[in-house]
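To start, the structure itself, in structure tokens.
The values are calculated or read from the model by the stated rules, or taken from the named source; none is laboratory data. Computed from a predicted model, the values in this text were never measured in an experiment. Here the Cβ is made from the backbone with ideal geometry for all residues, glycine too, and neighbour counts use every protein chain on show.
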Amino acid sequence: MADKKVNPKPKVNENPTPMSAKSERNEPAASQPPKRIEPALTAGRKRFFPTEAIPRLHYNDPKANELISQERPVVLTESNLVTTAMGWSLDFLKINLGEGYFSVYFSDTDKFRYFDEKKRKDFGDDFLVGLERKDMKFPEFVELIRNWKEGDKRIYLQQALTDGVGKRIVIDFLGFNWNWINDQQKRNNWGQLTSNLLFIGQEGNITPVHYDEQQNFFAQISGKKKCTLFPPENFDSFYPYPVHHPHDRQSQVDLDNPDFEKFPKLSSIKGHEAIVEPGDVLYIPMYWWHEIESLADSGIATSINFWYKAGPTGKIEYPLKAHQKVAMMRNIEKMITEALNNYEEVTPFMQSMVLGRYS
């Protein structure tokens, strides 16, 4: 266990040290046929793009390891990664999660597009967002979500688990299948585990399409979520916000109300889709765009993720992969923005550097 405690008033976008753990678990290998997405679960929201099912495999299936090594998404079954957390009901967490404050988001709609409060300061009143964050103790959150009624703002808790949680949570955390996930970290040459985020929200909540700069094992504890992923080859099709913008790593597009005139490349996207159920673990490769929807009629949705930094850079091979190009573009954009010290100068600067020379 690390020394860091749950902050009495945590700041948004903090990256606290995760609870460390070691556990001895050995699971037998087995195979399981892929499970098709049930049409009834995907009905409701009209899609303008085709999708294919993300493979659904037993966690010890060699094909699953192959997909992870290739940085391709896969749903893993029977991993027992978070089996000890399957009893984390609202009542259980209310008693055992601890006395710290937790970040709870409130949205005017069913969409929760996150933003960086530090970057928001540079925009002042020019940046409007229909999302509000409040820090509250867990019993307050439980009271709000249980008494929620139509017309109220929708609610979503997102908080990193740190050492300030209660003893029962620590015991359950130590019981996670660390043998398997540590083996994945070593096998794929990933960097350190940076955080375990706990997500608790209402059915119908949607996290709009965005990407992360870390590898992610996304484990479902309760409820069901539809996860739609898009490869980094589609990077420019999603028109990401600039890196200096509060919505950095978020897409400007609305998949429910696409504006093809403003975002013409959006028409060419193809999705990879899966329904994750309690006990499932979805591998979300870094730089893959993804949208997460808590499905209706599946109850309170509780998830926990395992975020890992990228591993050390080895020998560079050409041509570069799509995710490497995305990382390079981000670094160049950051460097230019910082050097100019004025984000409004970035566009004319880059145009003068490229237009007529490389175009």
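Among the residues of the stretch 266-280, count how many are buried (at least 21 other Cβ atoms within 10 Å of the Cβ) and either modelled with pLDDT under 95 or within 30 Å of Ile145 (Cα to Cα) (or both).
Selection size over the stretch 266-280: 4.
Keeping to the stretch 172-198, report how many residues are aromatic (Phe, Trp, Tyr) and buried (at least 22 other Cβ atoms within 10 Å of the Cβ). Can you show your working first?
Taking the stretch 172-198 and keeping what is aromatic (Phe, Trp, Tyr), we get 173, 176, 178, 180, 190.
Then drop every residue that is not buried (at least 22 other Cβ atoms within 10 Å of the Cβ), which leaves 173, 176.
Count: 2.
Considering only the stretch 299-320, how many residues are farther than 30 Å from Trp178 by Cα and either within 19 Å of the chain's Cα centre (by Cα) or modelled with pLDDT of 95 or more (or both)?
So the answer is 3.
Listed here are the residues, each with its yes/no results for (1) buried (at least 20 other Cβ atoms within 10 Å of the Cβ); (2) in the same structural domain as Thr51 (by TED's automatic domain parsing); (3) at pLDDT 95 or above; (4) in contact with a Leu (Cβ under 7 Å, 6 or more places away or on another chain).
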site: Ile200; (1), (2), (3), (4): yes, yes, yes, yes
site: Val209; (1), (2), (3), (4): yes, yes, yes, yes
site: Leu229; (1), (2), (3), (4): yes, yes, yes, no
site: His244; (1), (2), (3), (4): no, yes, no, no
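Residues checked against (1) surrounded by 14 or more Cβ atoms within 10 Å (Cβ to Cβ); (2) over 20 Å from Ser303 (Cα atoms):
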| residue | (1), (2) |
| --- | --- |
| Lys111 | yes, no |
| Lys119 | yes, yes |
| Lys137 | yes, no |
| Ile145 | yes, no |
| Gly151 | no, yes |
| Leu161 | yes, no |
| Gly164 | yes, no |
| Arg168 | yes, no |
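So the check is Cβ under 9 Å with 6+ separation or different chains; which pairs have a first residue in the stretch 345-359 that's within 13 Å of Lys334 (Cα to Cα) and a second one that's assigned to a helix (DSSP H, G or I) and of a type in the set (Asp, Glu)?
Final answer for the pair search is Val346/Glu333; Met350/Glu333.
Given the structure, is Val142 of a type in the set (A, V, I, L, M, F, W, C), in contact with a helix residue (DSSP H, G or I) (Cβ under 7 Å, 6 or more places away or on another chain) and assigned to a helix (DSSP H, G or I)? So that I can check it myself, show each step before the final result.
Working: of a type in the set (A, V, I, L, M, F, W, C): yes; in contact with a helix residue (DSSP H, G or I) (Cβ under 7 Å, 6 or more places away or on another chain): yes; assigned to a helix (DSSP H, G or I): yes.
Considered against the rule, which asks whether it is of a type in the set (A, V, I, L, M, F, W, C), in contact with a helix residue (DSSP H, G or I) (Cβ under 7 Å, 6 or more places away or on another chain) and assigned to a helix (DSSP H, G or I), Val142 comes out as yes.
Please verify whether Asn177 is within 18 Å of Ile221 (Cα to Cα), among the polar types (S, T, N, Q) and touching a Leu at 6+ places or on another chain (Cβ under 8 Å), treating the condition exactly as stated. Walk me through how you get there before you give the answer.
Values: within 18 Å of Ile221 (Cα to Cα): yes; among the polar types (S, T, N, Q): yes; touching a Leu at 6+ places or on another chain (Cβ under 8 Å): yes.
So Asn177 passes the test.
Name the pairs: first residue in the stretch 138-152 and in the same structural domain as Asp108 (by TED's automatic domain parsing), second residue at pLDDT 95 or above and part of a loop (DSSP other than H, G, I, E, B), Cβ to Cβ under 9 Å, at least 6 apart or on different chains?
Note: pairs meeting the criteria are Phe138/Leu97; Leu144/Asp152; Ile145/Gln202; Ile145/Ile300; Trp148/Gln202.
Among the strands (runs of 3 or more DSSP E) contained in the stretch 39-112, which hold 1 or more residues that are of a type in the set (S, T, N, Q) and touching a Ser or Thr at 6+ places or on another chain (Cβ under 8 Å)?
Of the strands (runs of 3 or more DSSP E) lying wholly inside the stretch 39-112, those with at least 1 residues that are of a type in the set (S, T, N, Q) and touching a Ser or Thr at 6+ places or on another chain (Cβ under 8 Å) span 51-53.
Which one of these is outside any strand (DSSP E or B), among the aromatic types (Phe, Trp, Tyr), in contact with a helix residue (DSSP H, G or I) (Cβ under 9 Å, 6 or more places away or on another chain) and crowded, with 20+ Cβ neighbours inside 10 Å: Tyr287, Tyr283?
Among Tyr287, Tyr283, only Tyr287 is outside any strand (DSSP E or B), among the aromatic types (Phe, Trp, Tyr), in contact with a helix residue (DSSP H, G or I) (Cβ under 9 Å, 6 or more places away or on another chain) and crowded, with 20+ Cβ neighbours inside 10 Å.
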